[in-house]
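The values are calculated or read from the model by the stated rules, or taken from the named source; none is laboratory data. This structure is a prediction, so every number in the text was calculated from the model and none was measured. Ideal geometry is used to build each Cβ from the backbone, glycine not excepted, and the neighbour counts take in all protein chains shown.
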Amino acid sequence: MISIPGELVITTRTGKYGNFNVAKLFTSIGEFSLKDNKLLDQYEAGKYEGSFVIKQIKSSSYSYGNRVVIECCAYIEDMDLVNSSKLDEADSEKIHVSEDPICQTESSEVQKVNTEHQHEETMATLDSDDSELFGILWPIGDQVKLDSTEDRLKIRSQKKRLIELGYHFDYKSQCWNKLPEQF
C-alpha cells in the first residue's frame, strides 16, 4: 500500500438503477479510475483534495455500447479529505461516460440485488421500517457512518432515506450528521 496526495474528481451519472457516482483520482504518479468503492455514492459531485491510501493499481475493462474500455484503476483502502470545491465543466469532461458498477456484476446477481433494492425503496418510504433498511445501524443517532460492506443499492437507498430524514454528508469525517431543526 502507498499513501499519496491527490485530487479526487467525482461526477454523478444516471443509469438503469438510478444515480451513481464515477470518479478519477489525479496524483503525481498518474491518473486512475476508482473502482470497487461503494461509499463514493454518498458524495456530492465535486473535487476533493486529500491523501489517499492505495491498496492496489491494476487495469480493468468493461464494455459500453459498441466499445470496450480499458482503464488504469486504483483501489482505495482509505482517504483523508481536507478540501472540496464545485465541479466545473472542464472537470466533468475529464471523466468519460462510464457504466454503473452494478451493471458490471453477474446478471443473476443484479436481478437479486435489484429485487432487494425495490423492496428496500418501499421500506425506506415507511418510517416504521427504517430499522430493516439500516440493520445494525438502527436506531441512528445524530451521526451515522454507513457500512462499506453493504451492496451499492442498499447504500444508495440508505443515502436517499438519510436525506429525507434531514441528514447531511460530511466528506471530511465520511459520516452523515443530523441537521439542526429549523423553527
Of the residues in the stretch 1-17, how many are at pLDDT 85 or above and either assigned to a strand (DSSP E or B) or out of contact with any strand residue (DSSP E or B) (no Cβ under 8 Å at 6 or more places or on another chain) (or both)? 11
Give the residues of the stretch 164-183 that are of a type in the set (D, E, K, R) and either touching a residue at least 24 places away in the same chain (Cβ under 8 Å) or assigned to a strand (DSSP E or B) (or both), sorted by residue number. Glu164, Asp170, Lys172, Lys178
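Condition check ((1) at pLDDT below 90; (2) exposed (fewer than 13 other Cβ atoms within 10 Å of the Cβ)) across all residues:
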site	(1), (2)
Lys47	no, no
Ser60	yes, no
Asp80	no, yes
His96	yes, yes
Val113	yes, no
Asp127	yes, yes
Before we move on, is Leu25 touching a residue at least 60 places away in the same chain (Cβ under 8 Å), under 20 Å from Asn83 (Cα atoms), crowded, with 20+ Cβ neighbours inside 10 Å and touching a Gly at 6+ places or on another chain (Cβ under 9 Å)? no
Return a yes/no flag: does the stretch 132-146 have any residue that is at pLDDT below 85, loosely packed, with under 12 Cβ neighbours inside 10 Å, more than 20 Å from Leu39 (Cα to Cα) and not assigned by TED's automatic domain parsing to the domain that holds Met79. no
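Within the stretch 15-52, which residues are under 21 Å from His168 (Cα atoms) and either over 13 Å from the mean Cα position of the chain (by Cα) or among the hydroxyl-bearing types (Ser, Thr, Tyr) (or both)? Working first, answer last.
Within the stretch 15-52, the subset under 21 Å from His168 (Cα atoms) is 18-23, 37-50.
Scanning the stretch 15-52 gives Tyr43, Lys47, Tyr48, Glu49, Gly50.
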Checking Leu133 against (1) under 22 Å from Lys16 (Cα atoms); (2) part of a loop (DSSP other than H, G, I, E, B), which test does it fail? (2)
Please verify whether Ile54 is among the β-branched types (Val, Ile, Thr) and surrounded by 12 or more Cβ atoms within 10 Å (Cβ to Cβ), treating the condition exactly as stated. yes
